[in-house]
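Here is the structure we will look at.
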Ligand SMILES: [Cu+2]
Ligand SMILES: [Zn+2]
């Protein structure tokens with residue numbers, strides 16, 4: 001009788017442990033939905049460089065099979081219906097109204113330009129237009145960047161700058177895109 005009771009308790013404990021394990025696995029899957037297990041993820045939180053300019057945004061970079069997919073969502077109400085420039089800059093710093101981020105990230109020593117055409121910096125993401133409320137979405141895909149590692153094309157630790165104006169894709173070495181209104185630092189994501 002005692003043995004039977006013991007067996008029953010053992011069985012119940014085993015079953016409940018199994019269910020807990022299954023439940024935990026589900027949670028893990030749910031919290032990383034959209035990313036597969038073998039991808040590397042970095043992100044940057046975008047904020048205004050001045051207290052009086054509202055910039056809120058997030059950029060996610062996902063690398064899989066040597067391709068990095070970038071997705072940015074940003075809200076800049078003062079720039080509704082306007083086109084502004086987005087670059088990766090060489091320093092992961094946002095102080096001094098964004099100037100601490102330094103120049104455009106340019107590990108390949110090229111001239112500034114339009115992404116994919118002739119000569120351009122690896123940081124020359126380019127222009128994007130905000131909607132009537134000031135929301136903007138930018139997506140891009142490239143095999144020229146890497147997330148982490150020792151390569152010169154590693155984007156982790158670099159700065160992201162949103163300018164107040166348009167990149168003309170010609171003026172050296174900046175594109176003459178105007179003041180730096182938003183800034184973020186690319187870091188490995190904690191998931
Ligand atoms: Cu810039
Ligand atoms: Zn550039």
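The values are calculated or read from the model by the stated rules, or taken from the named source; none is laboratory data. Fair warning: this is a prediction, and the values are worked out from it, not measured in the lab. Virtual Cβ from ideal backbone geometry, glycine too; neighbours counted across all protein chains shown.
The table for this structure:
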| item | result |
| --- | --- |
| Where residue 123 falls short, out of the listed (1) within 12 Å of ligand 2 (Cβ to nearest atom); (2) surrounded by 16 or more Cβ atoms within 10 Å (Cβ to Cβ); (3) farther than 17 Å from residue 44 by Cα | (3) |
| The stretch 76-104: number of residues that are in a strand (DSSP E or B) and over 15 Å from the mean Cα position of the chain (by Cα) | 4 |
| Any hit, the stretch 155-163, residues being away from ligand 1 (no atom under 16 Å from the Cβ), assigned to a strand (DSSP E or B), in the same structural domain as residue 68 (by TED's automatic domain parsing) and within 15 Å of the chain's Cα centre (by Cα) | no |
| Residue list for the stretch 91-118, restricted to those being loosely packed, with under 13 Cβ neighbours inside 10 Å, within 15 Å of ligand 2 (Cβ to nearest atom) and at negative phi | 108, 117 |
